[in-house]
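One structure is given below, encoded as C-alpha cells.
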Amino acid sequence: MMNNDEKYSAWQKKFELLQEKGTLSPDAEKFISDLLAEFSAVQAQNQRLKKQILQKATGDSRMSTKLRDALYE
C-alpha cells in the first residue's frame, strides 16, 4: 500500500509524462496541476495536525511561561 508521499510522487511523474506527450488540453493541465497543489497543501496540513494531536496526547505543552503564569493567576 502506498503512503501519501508515494502517491503524490507517482501522480506527479504521470502528470509530467502526460505533459511531455502533449496529450492534455491546457484546461486539463491546469486542473491536474491545481489538484496536485491542493493535495500537497492538504498533506502538509495533515502532518501539522498529526503533530499537534501527538503533542496533546503526550502532554507536551509548549505554553509560554508568561501565558501559563497568567492562566494560573
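Could you tell me which of Leu67, Phe39, Gln19 has its Cα farthest along the dipole of the chain towards the positive end, charges placed at Cβ (Lys, Arg +1; Asp, Glu -1), taken about the Cα centre? It is Leu67, whose Cα lies furthest towards the positive end. Gyration tensor over the Cα atoms of the chain: the corresponding equivalent ellipsoid has semi-axes (square roots of 5 times the eigenvalues, largest first) of 43, 14, 7 Å.
Of all lysines in the structure, those lying under 29 Å Cα to Cα from Lys21, and not within fewer than 8 positions of it along the same chain, are Lys7, Lys13, Lys30.
If you add up the charges near Ala41, with Lys and Arg at +1 and Asp and Glu at -1, over every other residue whose beta carbon is less than 13 angstrom from its beta carbon, what do you get?
-1
Partner aspartates and glutamates whose Cα lies under 17 Å from the Cα of Lys50, excluding those fewer than 8 positions away in the same chain, are identified as Asp5, Asp60.
Each value in this text was obtained by applying a stated rule to the coordinates, not by laboratory testing. As the structure is a computational prediction, the values presented were derived from the model and not from experiment. Heads up, the Cβs are rebuilt from the backbone with ideal geometry, glycines too, and the neighbour counts pull from every protein chain shown.
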